[in-house]
1. Within region 95-110, take every residue that is buried (at least 22 other Cβ atoms within 10 Å of the Cβ) and not aliphatic (A, V, I, L, M) and give me the one that is farthest from residue 155 (Cα to Cα).
2. Which of the residues spanning region 123-144 are under 17 Å from residue 216 (Cα atoms) and surrounded by fewer than 21 Cβ atoms within 10 Å (Cβ to Cβ)?
3. Scanning region 111-122 for residues that are touching a strand residue (DSSP E or B) at 6+ places or on another chain (Cβ under 9 Å) and closer than 30 Å to residue 169 by Cα, which turns out surrounded by the fewest Cβ atoms within 10 Å (Cβ to Cβ)?
4. Do we have residue 81 as buried (at least 19 other Cβ atoms within 10 Å of the Cβ) and in contact with a helix residue (DSSP H, G or I) (Cβ under 6 Å, 6 or more places away or on another chain) here?
5. Of the conditions (1) without any contact (Cβ under 8 Å) to a residue 24 or more places away in the chain; (2) more than 22 Å from residue 169 (Cβ to Cβ), residue 207 fails just one. Which one is it?
Amino acid sequence: MEIFDPNGDVLLILSYADTDTLRETQSPVSGPDVHESMPRPQGKIAAQPKESSSSGEGTPPRMLVSSRHLMLVSVVFEKMLSTSNFAEGAMLHQTQKVEVHLPEDDHTALTIMMNVIHGQTRKVPQKINFGVLIAIAILVDKYQMAGAVEFMAHVWMDKLKPSKFKNDNSLLPWLFVSWVFRHDEYFRNTTMVLVKEGDSNLKSRAMNCVPRLPIPGRVIAAILETRVKFIAAVLSAIEATIERHKNPIAVCNRNRYVEPQASNARTACNDMVLGSLIRSAMLAQLWPAPRSPYKGRNFVDIVAQVENFQINSLCEQVGNRDDPKTRNTHGVKERLKTSSTSTRDNFHGLGLNEFMK
């Protein structure tokens, strides 16, 4: 039995005698450091207990803790233990002690949390692996005790942070831990990647994470809505440009063409721009515009496709170069590129404060 308070009145009993996170650390949890290797976030956090034997091997871990400490930092434990509305609270008030079974909780993560809560600072590791961090975040979210471990969580996160957040299997776990521990910088970084590079399947992707990550639905919805808004803006710009060039009045207004062929030349120039624009958009499968939620597409790739549009004009072919900066495509490609890349380059993620109103 692990004793966090010799005078403790709550015995926490776990069902898992062994955990993946503990095996991966390969060092005592109570030591100053826990091995910082990066396990796959989708690996199991806890394994099923071994069969009990007469020697006691595989006995579920037990932790003697203080109800006062638990209730001080956790709304969930406060409600459970402070009144007789719950069986645990009633037993505690009657006998001054109670057993609380936590069949789903990770041993490694809970041990670290109990050391933090009970002020056993020398036993709190300065480094942990990513799997342990996820397990702690799950328990912190479950028992609503972020305030108790937030400082240490930021220390752990800063040591584990990748050089660049990528849209891989670690991104949703990073989104989750940055949400739980209120780390605005990492939350912005992860949401930025998910908006720019994510697909429409974010909700199912989050639901299928192992272990299950209770990312709030409003966070997932905000990411998806922002993604759709950005893609729709690019498609709207393409559509508006095409409609503008369909107008009977030619967009080309160059005055260097010789009359009486000038009007026909401008119309031909306009038609060449329109045709090459439509062809480029069709090859990129951006026209006719795909329907929301744009399954299988992501914002960054769409912007790159727009940047690669091949726009041609008669003005360019005959050397009528009034403005060399626009390659005499009458600014079509430049305007489309500017409108899409400015959104891409100026969006730096969603802030936590947007969800705290």
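The values are calculated or read from the model by the stated rules, or taken from the named source; none is laboratory data. From a predicted model like this one, the values you see are computed outputs, not experimental measurements. Note: ideal-geometry Cβ built from the backbone for every residue, glycine included; neighbour counts use all protein chains shown.
1. First pass over region 95-110, keeping only residues buried (at least 22 other Cβ atoms within 10 Å of the Cβ): 105-110.
Then keep just the ones that are not aliphatic (A, V, I, L, M); that gives 105-108.
On the way: 105: 23, 106: 21, 107: 21, 108: 18 Å.
The selected residue is 105.
2. Passing the criteria: 141, 142, 144.
3. Within region 111-122, the subset touching a strand residue (DSSP E or B) at 6+ places or on another chain (Cβ under 9 Å) is 111, 114, 117-118.
Still in the list and also closer than 30 Å to residue 169 by Cα: 111, 114.
Working: 111: 24, 114: 22.
Restricting to residues being touching a strand residue (DSSP E or B) at 6+ places or on another chain (Cβ under 9 Å) and closer than 30 Å to residue 169 by Cα, the top hit is 114.
4. Details: buried (at least 19 other Cβ atoms within 10 Å of the Cβ): yes; in contact with a helix residue (DSSP H, G or I) (Cβ under 6 Å, 6 or more places away or on another chain): yes.
Here the answer is yes, as residue 81 does meet what is asked.
5. (2)
Matching residues to (1) over 20 Å from residue 199 (Cα atoms); (2) touching a helix residue (DSSP H, G or I) at 6+ places or on another chain (Cβ under 7 Å); (3) surrounded by fewer than 14 Cβ atoms within 10 Å (Cβ to Cβ):
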{"residue": "241", "(1), (2), (3)": "yes, yes, no"}
{"residue": "245", "(1), (2), (3)": "yes, yes, no"}
{"residue": "249", "(1), (2), (3)": "yes, no, yes"}
{"residue": "266", "(1), (2), (3)": "yes, no, no"}
{"residue": "276", "(1), (2), (3)": "yes, no, no"}
{"residue": "283", "(1), (2), (3)": "yes, no, yes"}
{"residue": "291", "(1), (2), (3)": "no, no, yes"}
{"residue": "296", "(1), (2), (3)": "no, no, yes"}
{"residue": "313", "(1), (2), (3)": "yes, yes, no"}
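For (1) of a type in the set (D, E, K, R); (2) at pLDDT 95 or above; (3) in contact with a strand residue (DSSP E or B) (Cβ under 9 Å, 6 or more places away or on another chain), each residue gets a yes or a no:
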residue	(1), (2), (3)
72	no, yes, no
77	no, yes, yes
83	no, no, no
95	no, yes, no
99	yes, yes, yes
136	no, yes, no
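Here is a yes/no grid of residues against (1) touching a Ser or Thr at 6+ places or on another chain (Cβ under 7 Å); (2) at pLDDT 95 or above; (3) at positive phi; (4) not polar (S, T, N, Q):
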{"residue": "193", "(1), (2), (3), (4)": "no, yes, no, yes"}
{"residue": "208", "(1), (2), (3), (4)": "no, no, no, no"}
{"residue": "216", "(1), (2), (3), (4)": "no, yes, no, yes"}
{"residue": "236", "(1), (2), (3), (4)": "no, yes, no, no"}
{"residue": "246", "(1), (2), (3), (4)": "no, no, no, yes"}
{"residue": "272", "(1), (2), (3), (4)": "yes, no, no, yes"}
